[in-house]
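Chemist: Structure in structure tokens, see below.
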Amino acid sequence: MSGTFVGMPAFPEAAREAVANKTLRGNLRHATHTIRAKRAKAVTEVSDWAELREAGKRIKDHTLRHLDRYLVQLEESVTAAGGVVHWAADATEANEIVSQLVKMTGESEVVKVKSMATQEIRLNEALEAEGIRAYETDLAELIVQLGKDRPSHILVPAIHRNRGEIRDIFSREMSEWGRPAPEGLTDTPAELAEAARLHLREKFLRAKVGISGANFMVAETGTLVVVESEGNGRMCLTLPETLISVVGIEKIVPTWRDLEVFLQTLPRSSTAERMNPYTSTWTGTTDGDGPSTFHLVLLDNGRTDTLADEVGRQALRCIRCSACLNVCPVYERAGGHAYGSVYPGPIGAILSPQLRGTGSEIDASLPYASSLCGACYEVCPVAIDIPEVLVHLRERVVQGGEVTREGNKVVLRPAKGHAAERAAMRAARWAFTHPGALRTGQRAASRTRRFHPRTLPGPGKAWSGTRDLPPVPAEPFRDWWQRTRGGKDGAR
Amino acid sequence: MRVALFLTCVNDTLYPDTGRAVVKLLTRLGVDVDFPMAQTCCGQAHYNTGYRHEAEPLARHFSDVFGEYEAIVTPSGSCGAMVRELYPRMGERARAEGRGDTLAATLAPVVPKTYELTEFLVDVLGVTDVGAYYPHKVTYHPTCHGLRGLGLGDRPRRLLQAVKGLELVELPGADECCGFGGTFALKNADVSAAMGTDKVRNAESTGAEVLCAADNSCLMHIGGTMTRLRTGMRPVHIAEILASTEEEPAV
Ligand code: SF4
């Protein structure tokens with residue numbers, strides 16, 4: 001992966017390119033609309049969907065409230081089952097731990113599956129720097145890796161690519177990474193899948209170390225859970241001798257009983273399936289079955305800071321189903337790359353500025369990457385009120401305030417570049433609390449109405465570049481009302 | 001019944017015809033309408049852009065102005081949602097910040113009394129046929145805050161279906177946001193414009209002459225896009241359709 005997330009421009013600039021790219025918009029529109037319709041159908045099949053959604057929300061909230069306790073319980077269960085638990089406060093620490101663990105095996109290659117957490121910390125690059133090559137084995141991740149690209153969707157990281165583009169990437173790049181693509185490869189799904197299967201199989205059979213993420217961790221038994229569609233995850237989890245799982249601390253659920261809820265809501269929300277084709281669970285190590293060494297790296301990287309925020313913490317309920325991306329009109333036009341993180345779309349817009357802080361240009365712009373239409377909240381299977389968090393984070397950007405960073409309370413200053421807006425908001429607030437002033441302004445606008453342009457200069461230019469402004473009426477309503485008392489005095 | 005018209009600052013300044021239509025319609029239905037002159041703005045733009053502290057005095061002002069009325073009617077789904085959904089939240093946040101219950105107590109009285117126009121007609125007055133006449137082909141765009149914020153459901157459609165002469169045609173992708181989103185249209189102009197264009201193209205595909213909605217802010221965005229794309233379609237607020245009669249038809 002040569003693309004980078006750091007040093008990204010702010011969202012509006014990053015989105016501009018995508019909006020102008022017809023192929024990209026076509027690919028995204030097609031993919032999101034198809035899955036959107038399927039999801040809606042899959043959800044209506046379940047009569048108690050509203051209750052499942054509420055249950056998922058409550059289980060997650062309860063777990064987050066007692067996260068410390070459940071994490072300790074998890075560590076005990078994993079250790080008892082023969083695994084080793086490592087705690088990583090941030091990306092650097094996590095990358096060091098994993099690099100060390102791989103080096104201890106003496107290997108210089110690993111197979112990887114299902115791990116957004118490792119994308120978040122840029123583990124592949126860290127391993128590369130240590131001379132270790134990481135092979136992505138999830139089909140979409142493979143396409144992204146071979147294309148020297150960045151993921152643009154939670155579930156389908158290569159959603160921005162169409163079949164023709166994938167064929168070209170396979171033909172061009174596969175030989176660099178292992179078994180080359182067959183001669184004369186076409187863009188039929190079956191042929192593309194077969195090419196990937198042959199390419200990957202060699203890697204599975206050779207690899208001694210596997211690195212994975214997890215969708216859930218069950219505290220009571222120390223069990224990790226991955227749900228997937230291809231079976232490549234299962235290969236990664238069972239064939240290597242050493243398995244290293246890197247998982248965000250918020251992925252925990254207390255009991256197997258709790259899993260029942262999410263194993264219903266996750267597949268229906270994400271792939272519109274009733275059940276995942278592959279659900280793998282692993283608990284420590286077992287003689288003669290699967291990896292003989294198991295390491296669990298528990299990743300914080302901004303999560304406890306996020307937990308400290310009363311409004312924002314609900315983002316940690318996310319089960320990464322991607323329903324909010326697929327329904328989001330902004331994601332559909334801007335594409336996943338514009339969000340500057342492995343977490344794109346509405347959830348990315350609230351998660352990244354919390355995990356990373358609002359210091360960078362891209363992170364300060366993400367809370368504004370939404371029209372607050374509410375479609376994301378409506379589909380979210382754990383009822384994260386994304387619009388509420390967006391507005392909350394906007395407040396943090398423009399007004400500053402107290403936040404927790406690396407466990408310490410710090411007071412943020414308002415972000416730069418909002419001074420004019422802040423002054424305008426204050427002036428408007430003043431006028432709106434002084435009705436007389438508002439009226440004077442309205443009258444002045446009406447009197448000069450013939451001179452108003454239908455396009456605007458300055459910051460308003462962006463608006464009127466593609467839209468005409470309405471003409472200012474001859475008389476504001478309140479003047480008409482006062483003149484006629486709502487028509488009661490006769491005049492119209 | 002004496003109700004207060006909360007017209008909203010946008011309508012007052014830019015769309016007085018919508019205000020006149022609401023007055024005409026409600027008066028025809030036997031409602032005594034008052035327009036408190038001290039009204040200004042509900043604070044939505046402030047709140048949604050992140051200026052909650054600037055929005056608070058506006059919310060308090062709103063409560064001062066409207067608190068005494070039996071009902072408050074507004075021809076705007078988003079301003080209605082601001083009062084009903086976000087005023088309580090502002091109260092909660094003030095409490096969480098250790099500022100006590102004062103704000104919540106000040107805002108509480110207006111929250112349950114505030115109705116979006118179509119809600120007021122259907123739920124409070126109990127009418128769907130308001131005696132309107134509007135001989136045009138119309139498509140209806142349910143704006144996001146009306147649809148998901150207030151849960152207006154099929155109320156506007158039922159009202160439109162009962163209008164004499166009106167042919168209602170379904171809008172493809174009706175539930176999708178038009179891309180206005182207040183300051184979003186300025187801050188993310190490219191994405192906003194792309195969303196608006198798709199909305200207008202969908203509307204065009206229906207063959208309707210008029211796109212109707214219950215919020216002039218969205219209509220301003222959609223209408224501005226329509227003229228720029230030279231579609232020949234017109235954006236019209238639902239109040240103006242419902243106020244139109246055979247004796248006094250809206251143009
Ligand atoms: S925020 Fe909700 S809808 Fe979006 S990915 Fe997470 S769980 Fe799914």
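The values are calculated or read from the model by the stated rules, or taken from the named source; none is laboratory data. Just so it is clear, the model here is predicted, and its values are computed rather than measured. Using ideal geometry, Cβ is built from the backbone for each residue, glycine included, and neighbour counts are taken over all protein chains shown. Note: accessible area is taken over every heavy atom of the protein model, side chains too, but ligands, DNA and RNA are not part of it. Shrake-Rupley method; radii C 1.70, N 1.55, O 1.52, S 1.80 Å.
Chemist: With charges only on Cβ, +1 for K and R and -1 for D and E, what is the dipole size of the protein assembly as shown about its Cα centre, in debye, rounded to 20?
Modeler: Working: 88 positive and 91 negative charges, 472 e Å.
The dipole magnitude comes to about 2260 debye.
Chemist: Treat each spin label as a single point 7 Å out from the Cα along the C-beta direction, and report the A:Ala444 to A:Met275 distance in nm.
Modeler: So the label points at A:Ala444 and A:Met275 sit 7.0 nm apart.
Chemist: Further question: Under a cut-off of 23 Å between alpha-carbon atoms, report the lysines in cross-link reach of A:Lys203, not counting same-chain residues fewer than 8 places apart.
Modeler: Of all the lysines, those that pass the test against A:Lys203 - Cα under 23 Å, at least 8 places apart if same chain - are A:Lys103, A:Lys112, A:Lys114, A:Lys148.
Chemist: Amide H neighbours of B:Cys42 under 5 Å, at least 5 residues apart or on other chains, H built in the peptide plane: list them.
Modeler: The answer is B:Cys9.
Chemist: Partner chain Cβ atoms within 10 Å, averaged over the residues of B:20-27 - can you pull that number for me? Before the final figure, lay out each step's value.
Modeler: Details: counts 7, 0, 2, 8, 3, 0, 1, 3.
Other-chain Cβ atoms within 10 Å of each residue's Cβ, averaged: 3.
Chemist: Also, quick follow-up: Using 1/(1 + (r/R0)^6) with R0 = 60 angstrom and r between the beta carbons of A:Ala474 and A:Glu310, what's the FRET efficiency to the nearest 0.05? Each step should come with its number before you reach the end.
Modeler: Values: r = 49 Å, r/R0 = 0.81.
According to the calculation, E is roughly 0.80.
Chemist: What value, in deg cm²/dmol to 500, does the helix sum -39500 (n - 2.57) over DSSP H runs of n ≥ 4 give at 222 nm once divided by the residues of chain A? It would help to have the intermediate numbers written out before the result.
Modeler: Values: 23 runs with 245 residues, N = 492.
Rounded to the nearest 500, it is -15000 deg cm²/dmol.
Chemist: A follow-up question, please. Rounded to the nearest 10 Å², what accessible area does B:Arg84 show when all protein chains are kept and the probe is 1.4 Å?
Modeler: 70 Å²
Chemist: Check the cysteines of chain A one by one and keep only those with no other cysteine Cβ under 4.7 Å from their own.
Modeler: A:Cys236, A:Cys318, A:Cys321, A:Cys328, A:Cys380
Chemist: Oh, and also: What is the distance in Å between the Cα centres of the range A:11-66 and the range A:383-420?
Modeler: Their Cα centres are 24 Å away from one another.
Chemist: For the range A:356-379 and the range B:47-115, what is the separation of their Cα centres, given in Å?
Modeler: Between the Cα centres of the range A:356-379 and the range B:47-115 lies a distance of 24 Å.
Chemist: Still on this structure: How many Cβ atoms of partner chains, on average, are near each residue of A:374-383 if near means within 10 Å of its Cβ? Could the numbers behind the result be given before it?
Modeler: Numbers: counts 7, 6, 0, 1, 4, 0, 0, 0, 0, 0.
For peptide A:374-383, the averaged partner shielding equals 2.
Chemist: Next question, about the same structure. Using a Förster radius of 30 Å, what is the FRET efficiency between A:Thr286 and A:Arg58 based on their Cβ-Cβ separation? Nearest 0.05, please. Could you put the intermediate results ahead of the total?
Modeler: Values: r = 33 Å, r/R0 = 1.11.
FRET efficiency, A:Thr286 to A:Arg58: 0.35.
Chemist: Taking beta carbons within 10 Å but only from partner chains, what does the mean come to for residues B:145-157? Present the calculation step by step, with values, prior to reporting the outcome.
Modeler: Details: counts 3, 0, 4, 7, 4, 0, 0, 0, 0, 0, 0, 0, 0.
Neighbouring Cβ atoms belonging to other protein chains average 1 per residue here.
Chemist: Sticking with this one: Which value, in debye to the nearest 20, gives the size of the charge dipole of the range A:87-160 about its Cα centre, when Lys and Arg are +1 and Asp and Glu are -1 at the Cβ? Mind dumping the intermediate values first?
Modeler: On the way: 7 positive and 13 negative charges, 36 e Å.
Taking the Cα centre of the range A:87-160 as origin, the dipole is about 180 debye.
Chemist: Restricting to Cα pairs below 8 Å that are 6+ residues apart, what does the relative contact order work out to for chain A? Please round to a whole percent. Walk me through the numbers before you get to the answer.
Modeler: Values: 824 pairs, mean separation 93.3, N = 492.
Dividing the mean separation by the residue count of chain A yields 19 percent.
Chemist: Could you order peptides A:328-339, A:256-267 by the average number of other Cβ atoms within 10 Å of their residues, highest first?
Modeler: A:328-339, A:256-267
Chemist: May I pose another question? When only the heavy atoms of the protein chains count and the probe is 1.4 Å, how do B:Glu54, B:Glu85 rank by accessible area, highest first?
Modeler: Details: B:Glu54 15, B:Glu85 90 Å².
Reading off the accessible areas and sorting them downward yields B:Glu85, B:Glu54.
Chemist: Within the range B:220-251, whose backbone N sits under 20 Å from a point 7 Å along Cα→Cβ of B:Gln161?
Modeler: Once the point is set 7 Å along Cα→Cβ of B:Gln161, B:238-239, B:241-243 turn out to lie under 20 Å by backbone N, inside the range B:220-251.
Chemist: Positive end of the charge dipole of the protein assembly as shown (Lys, Arg +1 and Asp, Glu -1 on Cβ, about the Cα centre): tell me which of B:Thr206, B:Leu7, B:Val83 has its Cα farthest that way.
Modeler: In the protein assembly as shown, that residue is B:Leu7.
Chemist: Write down the Kirkwood hydrodynamic radius of the range A:239-286, to one decimal in angstroms, obtained as one divided by the mean of 1/r over all alpha carbon pairs. Don't skip to the end; give the middle numbers.
Modeler: Details: mean 1/r = 0.0769 Å⁻¹.
Radius from the Kirkwood sum: 13.0 Å.
Chemist: Give the carbon-plus-sulfur fraction of the accessible surface of the range A:213-311 in %, rounded to a whole number; probe 1.4 Å, heavy atoms of protein chains only.
Modeler: On the way: 1560 of 3410 Å².
Answer for the range A:213-311 is 46 percent, counting heavy atoms of protein chains only.
Chemist: Return the value, in Å² to the nearest 100, of accessible area buried between chains B and A (probe 1.4 Å, both sides summed). Provide the component values of the computation, followed by the final result.
Modeler: Working: alone 11240 and 23560 Å², together 29030 Å².
Heavy-atom accessible area buried at this interface is about 5800 Å².
Chemist: Which order do B:Glu170, A:Glu250 take when ranked by solvent-accessible area (1.4 Å probe, heavy atoms of all protein chains), largest first?
Modeler: Working: B:Glu170 115, A:Glu250 5 Å².
Final ranking, largest accessible area leading: B:Glu170, A:Glu250.
Chemist: Grab the Cα-Cα distance for A:Ala89 and A:Lys488, subtract it from 0.36 nm times how many residues apart they are, and report the gain in nm with one decimal.
Modeler: Working: separation 399, 0.36 × 399 = 143.64 nm, distance 7.04 nm.
Between A:Ala89 and A:Lys488, full extension yields an extra 136.6 nm.
Chemist: In Å², what does the accessible area per residue of the range B:45-148 work out to with a 1.4 Å probe?
Modeler: On the way: 3370 Å² over 104 residues.
It amounts to 32 Å² per residue over the range B:45-148.
Chemist: Leaving out same-chain residues fewer than 8 places away, which aspartates and glutamates sit with a Cα under 17 Å from that of A:Lys38?
Modeler: A:Glu273, A:Glu332, A:Glu378, B:Asp175, B:Glu176
Chemist: Any chance you could tell me what percent of the C-alpha pair distances in the range B:136-251 go past 17 Å?
Modeler: Numbers: 3472 of 6670 pairs.
Cα-Cα pairs in the range B:136-251 separated by more than 17 Å: 52 percent.
Chemist: Apply the Karplus curve 6.51 cos²θ - 1.76 cosθ + 1.60, θ = phi - 60°, to the phi angles in the range A:87-93 and return the couplings in whole Hz, x for Gly and Pro.
Modeler: So the Karplus estimates, Gly and Pro as x, are 10, 10, 6, 8, 4, 4, 4 Hz.
Chemist: State the answer as a single residue: which of B:Val122, B:Met220, B:Leu159 lies farthest towards the positive end of the charge dipole of the protein assembly as shown, with beta carbon charges of +1 for Lys and Arg and -1 for Asp and Glu, about the Cα centre.
Modeler: B:Met220
Chemist: Summing Lys, Arg as +1 and Asp, Glu as -1, what charge do residues with Cβ under 10 Å from the Cβ of A:Gly357 carry, A:Gly357 excluded?
Modeler: Values: positive: A:Arg356, A:Arg396, A:Arg405; negative: A:Asp305, A:Asp363, A:Glu406.
My count for the surroundings of A:Gly357 gives 0.
Chemist: Rg to Rh ratio, the protein assembly as shown, alpha-carbon atoms and Kirkwood radius? Before the final figure, lay out each step's value.
Modeler: Details: Rg = 28.0 Å, Rh = 27.7 Å.
Across the protein assembly as shown, the Cα-based Rg/Rh ratio is 1.01.
Chemist: Can you give me the relative contact order of the range B:1-68 as a percent, contacts being Cα pairs under 8 Å and 6 or more apart?
Modeler: Values: 59 pairs, mean separation 21.9, N = 68.
Result for the range B:1-68 is 32 percent.
Chemist: Want the number for A:Ala129 to A:Arg257: 0.36 nm per residue separation, take away the alpha-carbon distance, what's left? Don't skip to the end; give the middle numbers.
Modeler: Values: separation 128, 0.36 × 128 = 46.08 nm, distance 4.20 nm.
The A:Ala129-A:Arg257 span can extend by a further 41.9 nm.
Chemist: Which lysines have a Cα lying under 29 Å from the Cα of B:Lys164, excluding residues fewer than 8 positions away in the same chain?
Modeler: A:Lys488, B:Lys24, B:Lys137, B:Lys199
Chemist: Multiply the residue separation of B:Arg95 and B:Glu247 by 0.36 nm, subtract the distance between their alpha-carbon atoms, and state the gained length in nm to one decimal. Each step should come with its number before you reach the end.
Modeler: Details: separation 152, 0.36 × 152 = 54.72 nm, distance 5.32 nm.
Fully extending the segment from B:Arg95 to B:Glu247 adds 49.4 nm.
Chemist: Got a sec? What order do A:Lys488, A:Lys251, A:Lys416, A:Lys57 fall in by accessible area at 1.4 Å, biggest, i.e. largest, first? Walk me through the numbers before you get to the answer.
Modeler: Values: A:Lys488 115, A:Lys251 30, A:Lys416 190, A:Lys57 60 Å².
From most exposed to least exposed: A:Lys416, A:Lys488, A:Lys57, A:Lys251.
Chemist: Here is a follow-up. Under a 1.4 Å probe, what is the accessible area of the range A:193-328 per residue, stated in Å²? Show your work: numbers first, answer last.
Modeler: Values: 4520 Å² over 136 residues.
Each residue of the range A:193-328 exposes 33 Å² on average to a 1.4 Å probe.
Chemist: With a cap of 12 neighbouring Cβ atoms within 10 Å, and only residues DSSP puts in a loop, list the GluC sites (Glu not before Pro) found in the range A:124-190.
Modeler: Details: sites: A:Glu125, A:Glu128, A:Glu130, A:Glu136, A:Glu141, A:Glu165, A:Glu173, A:Glu176, A:Glu183; in loops: A:Glu130, A:Glu183.
Filter output for the range A:124-190: A:Glu183.
Chemist: Still on this structure, I have one more. What distance in nm separates the two pseudo spin-label positions at A:Asn162 and A:Glu17, each 7 Å out from Cα along the beta-carbon direction?
Modeler: Rounded to a tenth, the inter-label distance reads 2.0 nm.
Chemist: Let's test the formula: R0 of 51 Å, r as the Cβ-Cβ distance of A:His66 and B:Glu170. What FRET efficiency results, to the nearest 0.05? Spell out each step's value before the answer.
Modeler: Details: r = 49 Å, r/R0 = 0.96.
So, using R0 = 51 Å, E works out to roughly 0.55.
Chemist: If I fit a long axis through the Cα atoms of helix A:22-44 and take the longest principal axis of the Cα atoms of chain A, what angle between them do I get, 0 to 90°, rounded to 10?
Modeler: So the inclination is approximately 80 degrees.
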